[in-house]
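Notes to accompany the following structure.
Readers should treat all values here as calculations from the given coordinates under stated rules, not as data from a laboratory. Here the structure is a predicted model, which is why all the values come from computation and not from measurement. Here the Cβ positions follow ideal geometry from the backbone for every residue, glycine too, while neighbour counts run over all protein chains shown.
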Amino acid sequence: MNRIKTYQQTHFRIARNLLSGILLCMLFSFCSCHNTTEEINNITGVNKAYQLDKATDVVIYYSDKAKVKAVLYAKEFIRNENAKPAYTDIKKSLKVEFLDDSGHIESTLTSRSARIYEDNNNVIVRENVHVVNQKGEQLDTEELVWNQKLDKFYTNKKIKITTPPNQVLYGDGLEANADFSWYKSNNLKGEIAVDGKELPQ
């Protein structure tokens, strides 16, 4: 009696495994004959918008009329060409040196991260954004848009401007040129150091 029971259980397991194998083969055959790569990606959740190209320690030169206007240094460079619009993320650290026509550094921008949109020439820099020019004038904010075509900075975030020797201003939003020699902001507040000789008598 025990032998018959064991034989029946073994025979049932073999038949069940064989049936499962046949169904699995039929499923693969169906997918290979009737599903395109795009359909399979949609079924399995593979989204092309998340296919990324990565690089580290990247240096990019921005030029205009055969002259280098800026040099960008990126620690981690992640490009997503399939996103709409396409963009490139810069993570861990960013540094941009803005040059004059003679190739000398006019100002330097640093931040922790950025996103580059090539379609509209905008670079959005974020987190501990710091800009300093040759005069030692400094800008600090949490987000800044650099338009490469116009060579200007924009932000609607709160800003801090430090000017030597000890002038500190705070404001809301900013528009400035890349060398930070000209800027305008709303609601500027702070203390301005004035020479005693310049005070009215």
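Can you give the local net charge around I105? Use residues other than it whose beta-carbon is closer than 15 angstrom to its beta-carbon, Lys and Arg +1, Asp and Glu -1.
Here the charged neighbours net out to -3.
By average Cβ neighbour count within 10 Å, what is the ranking of 76-89, 110-123 from highest down?
110-123, 76-89
So what J values fall out for region 79-95 if you push phi through Karplus, 6.51 cos²θ - 1.76 cosθ + 1.60 with θ = phi - 60°, rounded to Hz, Gly and Pro as x?
Each residue's phi maps through the Karplus curve to give 9, 10, 7, 8, 6, 10, x, 5, 8, 10, 9, 10, 10, 6, 6, 9, 9 Hz.
Can you tell me the relative contact order of region 87-168? Whole percent, Cα pairs under 8 Å, sequence separation 6 or more.
21 percent
Using the structure shown, select from K157/K189; K67/K149; K54/K157; K135/K158 the pairs with a Cα to Cα distance greater than 19 angstrom.
Those over the limit are K54/K157; K135/K158.
Cα convex hull of region 126-189: mean projected area in nm², to one decimal?
4.0 nm²
Rounded if a/c is under 1.5, else prolate if a/b is larger than b/c, else oblate: which is region 46-141, with a ≥ b ≥ c the root eigenvalues of its Cα gyration tensor?
prolate
Would you please put 57-67, 131-141 in order of how densely packed they are, using the mean number of other Cβ atoms within 10 angstrom per residue and starting with the highest?
131-141, 57-67
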